[in-house]
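Report on the following structure.
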Amino acid sequence: MTLAYIKEELGTEHVSRKKDGTYRFWVSYYYRHGMTSEGLEAKVIKAIPTAEIVSSGDHWHAFKGGAKSGSACDSFMYVIFKVA
């Protein structure tokens, strides 16, 4: 399964692939629209039924104007998953 396919299924560009074969899907808190990390897990499972959730949670950081979404200087929720 390719990264482009996963991005298309999730409907976002906010997915990255790690060297260990896991993927990270994240959403900045500025654009969360009431979603939680549990909601992100459900979205991954619905879009990719063969996905196995490795971890999920929140990354909190003090506000820093101009921080790139998903960077260590941004606050975001994330899901790390593997695809069988």
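The values are calculated or read from the model by the stated rules, or taken from the named source; none is laboratory data. What you are looking at is a predicted structure, and each value in this text was computed from that prediction instead of being measured. Here the Cβ is made from the backbone with ideal geometry for all residues, glycine too, and neighbour counts use every protein chain on show. Quick note on the areas: whole protein, heavy atoms, side chains included, nothing else; ligands and nucleic acids left out. Shrake-Rupley method; radii C 1.70, N 1.55, O 1.52, S 1.80 Å.
How much length is gained on full extension from M1 to D20, taking 0.36 nm per residue of separation minus their Cα-Cα distance?
Values: separation 19, 0.36 × 19 = 6.84 nm, distance 1.45 nm.
Going from the current span to full extension adds 5.4 nm.
Give me the dipole magnitude in Debye, nearest 20, for region 1-58 about the Cα centre, with unit charges on the beta carbon: positive for Lys and Arg, negative for Asp and Glu.
On the way: 8 positive and 8 negative charges, 30 e Å.
Dipole magnitude for region 1-58 comes out near 140 debye.
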Cβ-Cβ cut-off under 10 Å around F25, Lys and Arg +1, Asp and Glu -1: the net charge is +2
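Order the peptides 49-55, 16-22 from the highest to the lowest mean number of other Cβ atoms within 10 Å of their residues. Please report the intermediate quantities before stating the final value.
Values: 49-55: 13.1, 16-22: 10.6.
Averaged packing, sorted descending, gives the order 49-55, 16-22.
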For S75 and T50, extending 7 Å from Cα along the Cα-Cβ vector and measuring point to point gives, in nm, a value of 3.8
Using a 1.4 Å probe on heavy atoms of the protein chains only, the accessible area for F76 in Å², nearest 10, reads 10
Computed over region 1-57, protein heavy atoms only, probe 1.4 angstrom, the accessible area per residue in square angstrom equals 65
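Which order do peptides 2-14, 35-47 fall in by mean Cβ count within 10 Å, highest first?
Per-residue Cβ counts within 10 Å, averaged per peptide and sorted highest first, yield 35-47, 2-14.
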